[in-house]
Amino acid sequence: MPRATLLTARPSLRRLPTRASRIVQAGLRRLLPVVFAGQRLRRDTRAAASDLLEQIAASRRGECNLLIAFRHPSPRDPLVLADLFWNALPSEARRQGRIDQKPVQLRFLYDRGIPIWAGPIIGWLLQRSGGIAIHRGRLDRPALKQARETLSQGRYPLVVAPEGATNNLSEEMAPLEPGVAQLAFWAATDMEACQDRRDVHVVPVGVRYGWRRPNWSHIDARLEGLEVHLGLNRDPSKGRRDRLLEIGMTLLAALEQLERIKPVADQSMADRIEDYRLHGLRKGESHFGLRASGTLQERCRRIEQAGWDRIYRENLDQLSALDRSLADWEAREADQQLTHMRLVEHFTSISGHYIKDQPSFDRFAEMVELLEEAIGWIEDKPWKGKPSFGPQRVVITVAKPIAVRQRLDEYKNNRREAVQQLTVDLQRDLERLMSTDIPKTHVSD
């Protein structure tokens with residue numbers, strides 16, 4: 001995520017309404033294959049398209065409303081899913097001889113912060129593509145109400161990322177947030193109250209990236225580039241994993257020195273990373289007066305929202321000259337805290353076990369890119385890793401839908417336990433999709 005240094009407070013963030021436009025979506029639909037060709041990203045979507053067509057057909061027959069819960073490893077996922085629903089599904093429908101070949105209209109939740117760092121054009125496109133903007137760090141009642149009504153009415157499938165954010169790892173998933181399960185139960189409850197006999201189906205969708213032409217010499221070259229940049233000596237006797245861990249430890253030591261953290265002797269890298277994360281979170285929470293509770297992702301979101309509340313201010317034009325200066329000062333301090341929080345997020349996915357568990361080319365490449373991205377963030381300039389790891393592919397898979405209506409009695413008896421169980425079941429299905437072998441056929445350019 002790009003970093004912006006703020007010097008002054010800004011007017012409060014206005015709500016971005018959903019303004020779906022079929023014309024805009026048609027233009028994007030034609031543009032997506034060109035974008036993927038430029039990125040050399042190959043999409044394997046036929047099996048997923050076939051499975052989703054059955055669910056779409058069931059929805060149109062009035063049997064169910066659809067909540068699509070997708071794995072979110074990369075910022076490219078929204079484009080990949082848009083291509084799936086707008087291009088791959090109609091193509092598969094034509095191949096099967098189905099009558100309805102139109103692109104599927106969607107509604108999806110997206111972070112209100114995306115237009116802040118990605119720019120107003122991206123925000124405009126998200127609105128016209130059917131997006132529902134939501135503040136992730138607070139109880140955004142208008143956005144939740146719109147999402148709940150969308151799902152209970154069932155006119156459009158609702159698409160949500162239950163992880164809440166990307167972790168840039170195709171084969172390791174962050175803990176799921178309970179919001180998706182809660183949303184499903186809310187909609188099912190609303191439908192039952194209206195004597196609507198349709199079910200709510202939560203459809204797990206796996207998204208997994210990999211490189212099509214693994215070249216280990218490119219891994220070695222990128223590792224050497226990081227070693228040179230960090231002033232490390234190249235040791236031919238060391239394996240790739242040891243070199244990668246040394247790079248990570250060197251970067252971590254520099255950040256510990258910056259934060260005046262003294263690691264315990266013989267402390268493992270995983271424990272040192274955890275201490276760094278907790279230190280960064282406590283620092284942000286202390287600055288904003290927040291209570292430390294919840295998962296790492298939830299704590300990051302609260303810090304982010306607290307920072308926004310101090311940067312984007314209500315009635316800014318009505319402040320006195322002194323109060324306006326103090327507001328600007330507070331905004332700069334908040335922006336600095338958010339910068340520290342971003343560093344914590346960068347280290348969320350960096351660990352030694354990801355490669356130790358399975359030392360594949362894809363996992364090595366992902367970890368190298370994470371380290372390069374972290375250095376680029378610290379130095380405030382993009383890191384251009386060379387040589388390129390080459391063209392990629394993305395595989396989309398779909399698990400059997402999870403029916404919600406049959407769980408309503410459990411939800412009425414114990415809401416917390418029912419939401420937790422649905423979240424656990426969804427995580428299990430997404431992890432199963434994540435570990436599925438990547439097929440070698442049915443690949444479209």
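The values are calculated or read from the model by the stated rules, or taken from the named source; none is laboratory data. Keep in mind that what you see is a predicted model, and the values were worked out from it rather than measured. Neighbour counts run over all protein chains shown; Cβ positions are idealised from the backbone, glycine included.
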Quiz prompt | Criterion (surrounded by fewer than 22 Cβ atoms within 10 Å (Cβ to Cβ), more than 24 Å from Pro73 (Cα to Cα), over 21 Å from the mean Cα position of the chain (by Cα) and touching a residue at least 60 places away in the same chain (Cβ under 8 Å)) met by exactly one of Gln153, Gln195 | solution = Gln153
Quiz item: Considering Glu177, Glu172, which residue is out of contact with any His (no Cβ under 7 Å at 6 or more places or on another chain), assigned by TED's automatic domain parsing to the domain that holds Lys102, surrounded by fewer than 21 Cβ atoms within 10 Å (Cβ to Cβ) and not aliphatic (A, V, I, L, M)?
Solution: Glu172
Quiz item: In the range 94-105, is there at least one residue being under 24 Å from Arg22 (Cβ atoms), part of a helix (DSSP H, G or I) and either in contact (Cβ under 8 Å) with a residue 40 or more places away in the chain or not assigned by TED's automatic domain parsing to the domain that holds Gln182 (or both)?
Solution: no
Self-check item: Cβ pairs under 7 Å, 6+ apart, first in the range 319-348 and assigned by TED's automatic domain parsing to the domain that holds Arg299, second acidic (Asp, Glu)
Solution: Leu338/Glu304; Met341/Glu304; His346/Glu373
Quiz item: When the range 108-142 is examined, which residues are found to be closer than 22 Å to Gly179 by Cβ and assigned to a loop (DSSP other than H, G, I, E, B)?
Solution: Arg112, Gly113, Ser129, Gly130, His135, Arg136, Gly137, Arg138, Leu139, Asp140
Quiz item: For the range 160-180, how many residues meet the condition of being in a helix (DSSP H, G or I) and within 13 Å of Gly294 (Cβ to Cβ)?
Solution: 1
Self-check item: Matching entry among Ala327, Ala331 (being small (Gly, Ala, Ser) and touching a helix residue (DSSP H, G or I) at 6+ places or on another chain (Cβ under 6 Å))
Solution: Ala331
Quiz item: Are there any helices (runs of 4 or more DSSP H) wholly within the range 301-409 with 3 or more residues that are within 30 Å of Arg46 (Cβ to Cβ), and if so which?
Solution: 361-379
Quiz item: Which residues, taken from the range 203-241, are closer than 27 Å to Arg393 by Cα, part of a helix (DSSP H, G or I) and not charged (D, E, K, R)?
Solution: Trp216, Ser217, His218, Ile219, Ala221, Leu223, Gly225, Leu226
Self-check item: Test for Leu290: is it part of a helix (DSSP H, G or I) and closer than 23 Å to Leu139 by Cβ
Solution: no
Quiz item: Going by the structure shown, is Arg416 at pLDDT 95 or above and closer than 22 Å to Gln358 by Cβ?
Solution: no
Practice problem: Name every residue in the range 158-168 that is surrounded by fewer than 23 Cβ atoms within 10 Å (Cβ to Cβ) and either modelled with pLDDT of 95 or more or among the aliphatic types (A, V, I, L, M) (or both), in order of residue number. | Solution: Ala165
Quiz prompt | Residues that are surrounded by fewer than 20 Cβ atoms within 10 Å (Cβ to Cβ) and either at pLDDT below 90 or assigned by TED's automatic domain parsing to the domain that holds Leu169 (or both), drawn from the range 295-314 | solution = Thr295, Leu296, Gln297, Glu298, Glu314
Quiz item: Would you call Glu256 farther than 20 Å from Phe364 by Cβ, outside any loop (DSSP other than H, G, I, E, B) and touching a residue at least 12 places away in the same chain (Cβ under 8 Å)?
Solution: yes
Self-check item: Residue in the range 114-122 that is surrounded by 20 or more Cβ atoms within 10 Å (Cβ to Cβ), closer than 28 Å to Asp196 by Cα and at pLDDT 90 or above present
Solution: no
Quiz item: Can you name the condition, by its number, that Arg94 falls short on among (1) touching a strand residue (DSSP E or B) at 6+ places or on another chain (Cβ under 9 Å); (2) farther than 27 Å from Arg148 by Cβ; (3) basic (Lys, Arg)?
Solution: (1)
